[in-house]
Amino acid sequence: MAIESLAFGQSLSGLLVDGVEDTPYTGATLRLDNPRGVVVDVPYVHRDETEQFRHVDEWFNTQTPPMNLILQTPDGQVGLFGIKWRGHSVSSGVSLGKLAPAETILGRCEAPLDEPLKLAEVRSQVDGLRQWTRFYGIETEPETDDDGLTRGLVVRVRSGGEVTWQQGEATLKFVTTWKTNHPEEDPHGGLDIREHVVLVSQFPTTRPFNDHLAEQRKVVSLLTLITGHPILFRRHQVWDETIVSRSVGGTILGHPRVDLITTQTVRDYTQPRLRKTEADDMLVRLPDVGEAGMSRWAEQFETWKRFIFPAVGVLGRREAFMEDVIISTSMSIEAAGQIIGVREGEEPTYYRGRPTTATNVYRCLNLLGVPWGSITTDHQSLARAIANVYNDIKHFDRGGFPETSVSHTISHITKMIVRLLTLHILDENGGLLRQYREQGAMWKVQRYSEVYGLTFDERGHAVLSGDGTVEGQG
């Protein structure tokens, strides 16, 4: 038997094996807890005179449990790796200890228990991959009669496209995967076909799971910026020669892919999934970017990480305050301005001959070359407006916060700036930016200023139509 998945609140009971000769097996219960992830409860007798629990007592007294353990259950084996002490309570009867593995493998893993876990391949289900890649492996073709009525349906399922690129030592790729299920007890019958696009990482040699996750997060960061909404992990499956399926007699039947649960992404599973309307906000798709663009993103990631991290941090959160959006995206814009360097026409944004926050914003606006419609007359004015609002929020001595309409509009502008700069990183020749340099391309952002009757003058001050109120500082 095999354990294919584990749901929140589900528990498994079994015996813990530490791989040490002559050590007694210990009963334990594993459960998947929200939001902590996998927790293993271990009942034991403190200062047991029979010494059956001596090794367990030591785990919790010293707060140093074994690095790795195996949980043998009636339903199959579970591998517990990178274990940390979670806590314990001591009583005169049965004491209870808690362990928290960093990675939990739902399958038979015969990797050494005294060494860190290393894996050959990790494949992850991630929000929005189908919309991003446009990989579709299921095709349907209706068969109709002379009256146009459907009399049959031909369904073809095959692996769809594949795109592969290098990310340092790692090889990353997008591939389609599918699984069929014909439930015997379903009163309605039918064939269930589940198709997914997955992100796969491989290295020339086996590597810790964290190494795989670090490379995959670079791709998730890209998709977060491209989409403008949180992109989250939904499942990890792993493959390695140490993961085996054996017969009752011990013969190896194969090396299956099995689920891995990690403390680093388990909280993602409970978050809302990307909605179709949010996926439609993607600035470009993988066919536009290609393998060359993915490789360039990997090559430029280290250079641009001070730009990437603040923006991804705020765009990756739902319902972030607009002031948080402005602060984080402006931090990214400041970093980008430093990376971009001097641009023609930036001198009017200087103060006493030195570049300012507005200068860095201007460099980004000038590089993008995007028309912002009636929001402002030129890039220098918009740069000053963004800098004014950013500083008004950030600095205590600037007085009150900006008017809500001003902050709301600026937050949408700065979000769009960092997202468009992502296209520049992917293609420095400007091909991906071309469609956004056309008049009217920024209509989604411009509508906020139109609704509020808001524009910005040449000093970057907000002008609200109606009473002519000017917000912000000089």
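The values are calculated or read from the model by the stated rules, or taken from the named source; none is laboratory data. Computed from a predicted model, the values in this text were never measured in an experiment. Positions of Cβ are generated from backbone atoms using ideal geometry, with glycine treated the same way; all protein chains shown enter the neighbour counts. Keep in mind that these areas ignore ligands, DNA and RNA; they rest on the heavy atoms of the full protein, side chains included. Shrake-Rupley method; radii C 1.70, N 1.55, O 1.52, S 1.80 Å.
General observations
- Residue in segment 77-132 that is least open to solvent (accessible area, probe 1.4 Å), counting only those that are polar (S, T, N, Q) and within 26 Å of V248 (Cα to Cα): T104
- Test: residue in segment 163-170 that is modelled with pLDDT of 70 or more, buried (at least 16 other Cβ atoms within 10 Å of the Cβ), under 29 Å from the mean Cα position of the chain (by Cα) and not in a strand (DSSP E or B): no
- Boolean, S159 is within 30 Å of S13 (Cα to Cα), out of contact with any helix residue (DSSP H, G or I) (no Cβ under 9 Å at 6 or more places or on another chain) and modelled with pLDDT under 95: no
- Scope segment 59-70; condition open to solvent by 30 Å² or more (accessible area, probe 1.4 Å) and not in a loop (DSSP other than H, G, I, E, B); matching residues: N61
Every residue, every condition in (1) touching a Pro at 6+ places or on another chain (Cβ under 8 Å); (2) modelled with pLDDT of 95 or more, yes or no:
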position	(1), (2)
V220	no, yes
F233	no, yes
T251	no, no
T262	no, yes
V266	yes, yes
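- Any chance R296 is basic (K, R), assigned to a helix (DSSP H, G or I) and in contact (Cβ under 8 Å) with a residue 40 or more places away in the chain: yes
- Residue within segment 427-444 that is on the phi > 0 side of the Ramachandran plot and open to solvent by less than 30 Å² (accessible area, probe 1.4 Å) present: yes
- Listed by position, the helices (runs of 4 or more DSSP H) inside segment 321-419 whose residues that are surrounded by fewer than 17 Cβ atoms within 10 Å (Cβ to Cβ) and among the charged types (D, E, K, R) number at least 1 are 322-340, 379-394.
- Against the conditions (1) under 35 Å from the mean Cα position of the chain (by Cα); (2) part of a strand (DSSP E or B), S95 satisfies every one except (1).
- Q435 being more than 33 Å from the chain's Cα centre (by Cα), at pLDDT 95 or above, in a helix (DSSP H, G or I) and of a type outside the set (G, A, S): no
- In segment 45-58, the residues that are assigned to a loop (DSSP other than H, G, I, E, B) form Cβ pairs under 6 Å with partners that are open to solvent by less than 40 Å² (accessible area, probe 1.4 Å) and not basic (K, R), at six or more places apart or across chains, as follows: H46/D57; H46/S95; F53/Y44.
- Segment 379-405: number of residues that are within 14 Å of T359 (Cα to Cα) and modelled with pLDDT under 95: 0
- Looking only at segment 272-298, and only at residues there that are of a type in the set (D, E) and over 18 Å from F174 (Cα atoms), the one that is least open to solvent (accessible area, probe 1.4 Å): E278
- Any pair with Cβ under 6 angstrom, 6 or more apart, that starts in segment 258-282 at a residue that is free of Cβ contacts under 8 Å to residues at least 60 places away in the same chain and farther than 15 Å from G228 by Cα and ends at one that is among the hydrophobic types (A, V, I, L, M, F, W, C) and part of a loop (DSSP other than H, G, I, E, B): D268/L232; Q271/L232
- Per-region count, segment 5-33, residues surrounded by 12 or more Cβ atoms within 10 Å (Cβ to Cβ) and touching a residue at least 40 places away in the same chain (Cβ under 8 Å): 14
- Residue in segment 227-237 that is open to solvent by less than 50 Å² (accessible area, probe 1.4 Å) and assigned to a helix (DSSP H, G or I) present: yes
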